[in-house]
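Asks: First, the structure itself, so that you have it in front of you.
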Amino acid sequence: MFEAMVLTWGSPCMCLCRLGQRVITNLSLFSLNPVSRLNAEGRARFFKGHIREQVIEAELSWIAGIVLLIATSYALMKFDVLWVIFGVVALTLYMLPIASTRDVFRVLPWEMVLLVVAPMVLHFGAESEFLTAHLAWWDDFTSLAFAFSTATLGLILVLELRMFSKVRMNRPFSVLFVVMFTLAVSGFWQIGLFMSDMFLSTHGQGTNGEVMTVLVWNLLGGLVMGFVYDLYLKALPEKRLKTFEIAHPHLWGSGK
């Protein structure tokens, strides 16, 4: 009877134990580092061929991500609601690949993250008010930087929709999506500035002409960045694409 119980319950218990051990292993801190999952020979090849480039790229992206986190925290301390929302959305898109793969090397390219954080740094820069008062083109420059940043968020959204959902976009529609996303965010941003001026007694929105100028710059920025990113992803070396795993080889294909 004892042997029968062992045969009856032993196999399921062993399976549960192995499953539990595998879950614990996958959720352990060491699973964040792909090097820890390699044997001695594989670790040697990894260090020899890829780890240096991968670590440098990841560290640059981490630095840009830390700047984004600091800027968002500063916006929260100043109770700058629009920039808090912008920062939280950007941080969420930044952390999603890391959280989904549990791998800190699966980060967005550092140049993308810098473009996202650039308008926040310009907005909170110590000399921003001085430059606005003394340089006639400074407001246009910050509007263009915001457009580049928003277009970058639109591209990241396209990439992560491809990675984590069944949504597929061909190349022309992806460019159109980036442009429309930039214009949509710009429009909602102006509505947010209007509501802030009305209820919080701020002075973030200018005249009707100034608002339309900002929208035009955002349209131009979205158009430029849509085509720039089309060329950018096709020009990226395959090694970087594999390092970041940000794009599928057929992302900009014919839509198949």
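Asks: At 7 Å along the Cα-to-beta-carbon direction for both Arg171 and Phe79, put a label point, then send me their distance in nm to one decimal.
Replies: Between Arg171 and Phe79, the simple spin-label model gives 5.0 nm.
Asks: Now a separate question. Suppose R0 equals 41 Å; then what is the FRET efficiency for Arg52 and Phe124 from their Cβ-Cβ distance, rounded to the nearest 0.05? Before the final figure, lay out the partial values.
Replies: Values: r = 34 Å, r/R0 = 0.84.
The pair Arg52/Phe124 has a calculated efficiency of 0.75.
Asks: For the pair Val228/Ala133, report the inter-label distance in nm, with labels modelled 7 Å from Cα in the Cβ direction.
Replies: For Val228 paired with Ala133, the spin-label model returns 3.1 nm.
Asks: Using each residue's phi in the range 73-88, evaluate 6.51 cos²θ - 1.76 cosθ + 1.60 at θ = phi - 60° and report the 3J(HN,Hα) Karplus result to the nearest Hz, with x for Gly and Pro.
Replies: Coupling constants for the range 73-88: 5, 5, 4, 5, 5, 7, 6, 8, 4, 4, 6, 5, 4, 4, x, 5 Hz.
Asks: Whole Å is fine, so just give me how far the alpha carbon centre of the range 178-243 lies from that of the range 71-118.
Replies: Cα centres, the range 178-243 to the range 71-118: 16 Å.
Asks: Which FRET efficiency value, to the nearest 0.05, do you get for Thr213 and Ile66 by plugging their Cβ-Cβ distance into 1/(1 + (r/R0)^6) with R0 = 41 Å?
Replies: Numbers: r = 33 Å, r/R0 = 0.81.
That gives a FRET efficiency of 0.80.
Asks: How do Val167, Val214 line up, fewest other C-beta atoms within 10 Å first? Please list the in-between numbers first.
Replies: Numbers: Val167 11, Val214 23.
Result, fewest neighbours first: Val167, Val214.
Asks: What do you get for trypsin sites (Lys or Arg not before Pro) in the range 77-114 restricted to DSSP loop and a cutoff of at most 12 other Cβ within 10 Å of the site's Cβ?
Replies: Numbers: sites: Lys78, Arg102, Arg106; in loops: Lys78, Arg102, Arg106.
Answer in residue order: Lys78.
Asks: Next up: Have a look at the range 40-244 and give its Rg and Dmax from the Cα atoms, expressed in angstrom.
Replies: Final numbers for Rg and Dmax: 18.6, 66 Å.
Asks: Just to confirm the filter: which trypsin sites (Lys or Arg not before Pro) across the range 150-236 are DSSP coil and have at most 12 other Cβ within 10 angstrom of their Cβ? Provide the component values of the computation, followed by the final result.
Replies: Working: sites: Arg162, Lys166, Arg168, Lys234; in loops: Lys166, Arg168.
Filter output for the range 150-236: Lys166.
Quick note: the coordinates plus some simple rules give every number you see, no bench work behind them. Note that this is a predicted model, so its numbers are computed, not measured. Cβ atoms come from the backbone with ideal geometry, glycine included; neighbour counts cover every protein chain shown.
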